[in-house]
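This is the structure I have questions about; it appears just below.
The values are calculated or read from the model by the stated rules, or taken from the named source; none is laboratory data. These figures come from a predicted structure and were not determined experimentally. Quick reminder, even Gly has a Cβ in these numbers, built from the backbone with ideal geometry, and neighbours come from all protein chains shown. In case anyone asks, the SASA skips ligands and DNA or RNA and just uses the protein heavy atoms, side chains included. Shrake-Rupley method; radii C 1.70, N 1.55, O 1.52, S 1.80 Å.
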Amino acid sequence: MDLDKSYLPTDWTTAKLARVGEVRYGLGQPPEQTDDGVPMIRATNVKRGRISAEGLIRIKREAIPESRNAFLKAGDIVVVRSGAYTGDVAMITKDWAGSVAGYDLVVSLGEQVDPAFCSFNLLSDSVQTYFRSQSARSAQPHLNRHQLESTEIPVPPFAEQRKIGGGGIALLDQR
């Protein structure tokens, strides 16, 4: 996705997500469920910038393959990759750190981009329109890793990202 740079301040740059972070898949198949296990974040738990505990399932920690790198850290961003909620986004807060990503995509950012700012941008109309255009090519909406890595976001100075990201999350709280 090429971002329209004409409206950006001159001291802002842009970057594709692949340049400012890592995009990976969560678990492919869910391990065995258990009442006292690790929370698994699925598409149905992602609600316009937030994680909802409604319908949350828990899985056995020992059954999660370490090679999948599915454990989430605070600041990671979950992007729904398939189904009715394709393209929905939620940032992992400290309350959800240690959870496991289900079938969706995970963005882990480097030092250059604030996670709240990135989440707010991924929920913007222009990015959501891009996601819909990419996912509309099949019978069921779907995003893949390459499409997410190709998503371009603005990258203002970090202090400005913090201001915008905090304000963006406050706007989401009002919805």
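For the structure I just gave you, tell me whether Ser119 is of a type outside the set (Lys, Arg), closer than 19 Å to Pro31 by Cβ and open to solvent by less than 20 Å² (accessible area, probe 1.4 Å).
So Ser119 fails the test.
Next up: For the stretch 83-117, give me the residue count where each residue is more than 21 Å from Phe71 (Cβ to Cβ), at pLDDT 90 or above and small (Gly, Ala, Ser).
1
Same structure, new question: Determine the pairs where a residue that is buried (at least 16 other Cβ atoms within 10 Å of the Cβ), located within the stretch 140-167, has a partner that is outside any helix (DSSP H, G or I) and among the aromatic types (Phe, Trp, Tyr) with Cβ atoms under 6 Å apart, the partner being 6 or more residues away or on another chain.
Close Cβ pairs (under 6 Å, with a partner that is outside any helix (DSSP H, G or I) and among the aromatic types (Phe, Trp, Tyr)) amount to Pro154/Trp12; Pro156/Trp12.
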